[in-house]
Amino acid sequence: MEIEKILEQIKKDIESVETINKLNEIKIKYMSKNGIITELNNGIKDIKNEDKREYGIKLNEIKNLFNALYENKLNEINLEEINKRLENESIDITLPSTNIPMGSPNILEKIIEEIEELLMSMGYDVVDGPEIEEDKYNFELLNLPKGHPARDAQDTFYIKDEELLLRSQTSPVQARVMLEGKGENPIRIICPGKTYRRDDDDATHSHQFMQIEGLLIEKDVSLSDLKGTFDVIAKNLFGQDCETRFRPSYYPFTEPSVEIDISCFNCQGKGCNICKNTGWITVAGAGMVHPNVLKNCGYDPSIWKGFAFGFGAERLAMLKYGINDIRTFYMTDLRETKIFNRKDVD
Ligand SMILES: [Zn+2]
């Protein structure tokens, strides 16, 4: 056996290899059934007994060398592969970043959530109700009997005769909750939701808008409680310097009724465009629940009292975020909504 020659050949063969496939071919050349080393192994039977030991030692030397070189080469090729892949996959941090568009919370939803959270912290429950409503809940129980001008078909979307309509306010939810209270349980609720009126859409009117109404029924409650409650709401929405004032007004379902103004957050009362130079901005309607409404909904007005308030989410959002067209909220124009990124709104 020309052992030196074979050792040299193995070294040469393995050294020149650069790929796994080639390395496998070398393995076949030496170690397969008809491979060089296998045949040397098989040849041992033809060796004279006295030479067998030496032959075996040489054969082992060849096998060990082959295995060692083979393992080394295999590791080398694998390492190279990994390095090559890492190089290809490396991130070039000097490249400008990709602009990933981010969604923003809906402004109306944001305002509503803010008010919900605040009022829940004051013990109010958030209640939902149907948008297709019966005349009874939308008008009748709320002291708006048949013939009342607010029921006019020009103002309300009637669906079936004068019995079924798209609710023109969220107050029917209040009527439903009062009826459930059976004249026995105190009530603290807010009911935010969509309402519908037959308005011609323009910058300040929309046939659909979001109302947020609150109702509190207790045995001992007065107009000053309403003032205190709304003062907290206004300060939370528009800052701690925000002041509130009540102006007498008229609503069929409250007596006395008030309109609630807040001091102008833009000019701090000095007068500007937003407050039309009055220093005050009207944001809500409110009042003490009318005795007829209490009675209609099962509460004895000689025992129970209550206050109710309501405002439009769009109006609050328009004031708070300087939006000057109510249609912005419903036109799904991404350019408008994109102005508010998460950071601004949060
Ligand atoms: Zn102002």
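No value in this document is a laboratory result; all are computed from the given coordinates. Every value quoted in this text rests on a predicted model; they were computed, and no experiment measured them. All Cβ positions, even for glycine, are placed from backbone atoms using ideal geometry, and neighbour counts span all protein chains on display.
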The chain - share of DSSP beta bridges that are antiparallel (%, nearest 5): 95
Estimated dipole of region 72-116 in Debye, rounded to 20 [Cβ of Lys and Arg +1, of Asp and Glu -1, Cα centre]: 260
Around D261: net Lys/Arg minus Asp/Glu count, Cβ-Cβ under 11 Å: 0
In order through region 179-194: 3J(HN,Hα) via Karplus (6.51 cos²θ - 1.76 cosθ + 1.60), integer Hz, x for Gly, Pro: 5, 5, x, 6, x, 10, 9, x, 10, 9, 9, 10, 10, x, x, 6
Cys with no candidate disulfide partner in the chain (beta-carbon separation under 4.7 Å rule): C191, C242, C297
Selected from L164, G123, T254, residue furthest toward positive end of dipole (region 120-264; charges at beta carbon): G123
Calculated SAXS-style log₁₀ I(q)/I(0) at q = 0.15, 0.18 Å⁻¹ - region 172-317, Debye, Cα scatterers: -0.81, -1.09
Span from the region 77-107 Cα centroid across to the region 282-329 one, whole angstrom: 53
The chain - charge dipole about Cα centre, Lys and Arg +1 at Cβ, Asp and Glu -1, debye rounded to 20: 460
Base-10 log of normalised Debye intensity for region 172-236 (one unit scatterer per alpha-carbon) at q = 0.14, 0.15, 0.21, 0.26 Å⁻¹: -0.60, -0.67, -0.97, -1.10
Which of M318, Q268, F329, positive extreme of dipole for region 267-340 (C-beta unit charges): Q268
Two-decimal Rg to Rh for region 72-121 - Kirkwood Rh, Cα set: 1.58
Where the Cα pairs of region 71-224 fall when distances are cut into 5 Å bins, in %: 2, 7, 12, 13, 12, 10, 8, 4, 3, 2, 3, 3, 4, 4, 4, 3, 2, 1, 1, 0
About the Cα centre, charge dipole magnitude for region 129-276 (Lys/Arg +1, Asp/Glu -1 at Cβ), debye: 360
Zone residues, region 71-93, relative to S16, backbone N less than 18 Å from point 7 Å out along Cα-to-Cβ: 73-74
Long-range Cα-Cα pairs in the chain (distance over 26 Å), rounded percent: 65
Cα pair distances of region 21-70 binned at 10 Å [whole percent]: 26, 49, 21, 4, 0
DSSP-loop GluC sites (Glu not before Pro) across region 158-203, with at most 13 other Cβ within 10 angstrom: E162, E163, E184
Packing rank of 41-47, 172-178, 206-212, where each peptide gets the mean count of other beta carbons within 10 Å, highest leading: 172-178, 206-212, 41-47
